[in-house]
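The values are calculated or read from the model by the stated rules, or taken from the named source; none is laboratory data. A quick note: this is a predicted structure, and the numbers were derived from the prediction, not measured. Here the Cβ positions follow ideal geometry from the backbone for every residue, glycine too, while neighbour counts run over all protein chains shown.
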């Protein structure tokens with residue numbers, strides 16, 4: 001590995017600490033494809049490691065510095081987009097404006113590989129590992145991987161509400177001082193859509209760190225909130241007690257499939273992304289079972305186009321390997337077709353806030369970067385910081401390019417039909 005590369009912990013990040021084995025042919029094919037793709041994009045790509053000096057390709061635009069081309073192409077040849085992310089984690093490439101580079105790539109994602117070479121895609125794409133299926137046991141492990149990292153870590157870059165989902169701002173762009181109010185605005189929009197008020201029996205699927213439960217209880221609701229993260233449960237309970245709502249809110253470790261009873265409303269914020277494609281029908285049937293006739297189910301969900309769901313539903317991605325095991329983003333079409341065919345839930349309102357998520361992620365990313373020393377002090381190494389910087393920038397680019405959106409979806413239970 002090149003001398004400039006970030007230090008890595010071989011025990012924690014073995015696939016980053018060492019270069020993967022690869023045939024010369026595979027690496028050469030990957031290099032040819034990637035050079036062709038980058039050369040036709042509005043990027044300025046600088047490849048180091050040449051005796052005659054750096055080589056440049058691209059049409060001009062945001063700058064991407066590939067310090068170690070041999071390692072970069074080898075990783076991409078073996079791992080595709082997973083290798084692309086691992087190469088960044090290893091310090092083999094960088095960018096002064098990482099979001100700008102990733103936004104260009106996301107914008108042109110559909111034509112990065114020429115049509116005549118699409119048949120080679122299977123050779124560079126991995127299948128999702130069976131161990132990451134979102135069974136009740138698998139879901140617990142997958143949630144633990146991300147959300148039980150450290151409450152202190154999340155507190156370093158989130159606002160005072162400890163809300164880890166898209167905010168809704170009054171105006172864009174914004175700044176960190178306005179993020180807490182924007183998160184409260186988002187929560188109020190969800191609670192309004194669910195008709196939450198005095199006496200409402202509310203189920204929250206996915207507790208987070210408790211801000212929604214606190215705001216619902218302040219309206220006079222009785223809240224039952226479930227999570228699979230012990231770290232989140234413990235801090236959420238503390239925050240509920242501190243707000244004076246312990247008598248109105250219960251928070252427990254419980255899989256959504258095992259919740260009993262009936263509720264006037266169900267709210268679930270950016271939790272469906274952790275359900276998994278094969279369990280989406282069961283997820284919606286469960287919400288349908290738990291809400292009374294005439295009640296509301298309100299979701300906030302990251303979404304992407306349905307053709308992208310179909311193209312990626314069986315593939316293993318960098319995000320799944322390192323950030324959200326078992327995660328899968330749905331499409332609005334999938335939500336509407338499953339609820340129509342398998343439940344009494346019918347969509348009554350959908351609002352989109354993709355630009356607001358891009359702004360939320362920018363504020364998190366910039367704050368996370370500013371807190372580098374504090375992240376180190378918690379015991380997270382430089383490779384972890386590069387991994388999370390890439391994750392936050394990658395996500396932001398998805399929303400800035402329009403590849404991703406985030407929706408607030410209000411569903412009403414009609415009380416008749418398929419159950």
Can residue 398 be described as within 28 Å of residue 141 (Cα to Cα) and in contact (Cβ under 8 Å) with a residue 12 or more places away in the chain?
yes
Which of the numbered conditions does residue 325 fail, given that it passes all the others? Conditions: (1) assigned to a helix (DSSP H, G or I); (2) in contact with a helix residue (DSSP H, G or I) (Cβ under 7 Å, 6 or more places away or on another chain); (3) under 30 Å from residue 392 (Cβ atoms).
(1)
Would it be correct to say that residue 340 is modelled with pLDDT of 95 or more, more than 30 Å from residue 12 (Cβ to Cβ), in the same structural domain as residue 301 (by TED's automatic domain parsing) and part of a helix (DSSP H, G or I)?
yes
For the range 152-176, enumerate the residues that are in contact with a helix residue (DSSP H, G or I) (Cβ under 8 Å, 6 or more places away or on another chain), in a loop (DSSP other than H, G, I, E, B) and loosely packed, with under 15 Cβ neighbours inside 10 Å.
160, 170, 172, 173, 175
Restricting to the range 249-268, and then to whatever is crowded, with 19+ Cβ neighbours inside 10 Å and in contact with a helix residue (DSSP H, G or I) (Cβ under 9 Å, 6 or more places away or on another chain), can you tell me which residue is nearest to residue 164 (Cα to Cα)?
268
Just one of the numbered conditions (1) modelled with pLDDT of 95 or more; (2) farther than 17 Å from residue 353 by Cα; (3) under 17 Å from the mean Cα position of the chain (by Cα) is not true of residue 166; which one?
(2)
If a residue has to be in contact (Cβ under 8 Å) with a residue 60 or more places away in the chain and part of a loop (DSSP other than H, G, I, E, B) to count, how many in the range 200-245 make the cut?
5
Selection status of residue 179, touching a strand residue (DSSP E or B) at 6+ places or on another chain (Cβ under 7 Å) and either outside any strand (DSSP E or B) or touching a residue at least 24 places away in the same chain (Cβ under 8 Å) (or both)
no
Residue in the range 70-83 that is in contact with a helix residue (DSSP H, G or I) (Cβ under 6 Å, 6 or more places away or on another chain), modelled with pLDDT of 95 or more and in a loop (DSSP other than H, G, I, E, B) present:
no
Give the range 94-112 a look and list any residue that's within 15 Å of residue 80 (Cβ to Cβ) and either at pLDDT 95 or above or crowded, with 18+ Cβ neighbours inside 10 Å (or both), or say none.
105
Exactly one of 292, 267, 277 is closer than 26 Å to residue 236 by Cα and in contact (Cβ under 8 Å) with a residue 24 or more places away in the chain, and that residue is 267
Return yes or no: is residue 347 without any contact (Cβ under 8 Å) to a residue 12 or more places away in the chain, surrounded by fewer than 18 Cβ atoms within 10 Å (Cβ to Cβ) and either part of a helix (DSSP H, G or I) or touching a helix residue (DSSP H, G or I) at 6+ places or on another chain (Cβ under 7 Å) (or both)?
no
Kindly list, by first and then second residue, each pair from a residue in the range 374-390 that is farther than 17 Å from residue 85 by Cβ to a residue that is surrounded by fewer than 16 Cβ atoms within 10 Å (Cβ to Cβ), limited to pairs with Cβ atoms under 7 Å and residues at least 6 apart or on different chains.
378/150; 378/152
Hey, residue 379 assigned by TED's automatic domain parsing to the domain that holds residue 322 and at pLDDT below 95 or not
yes
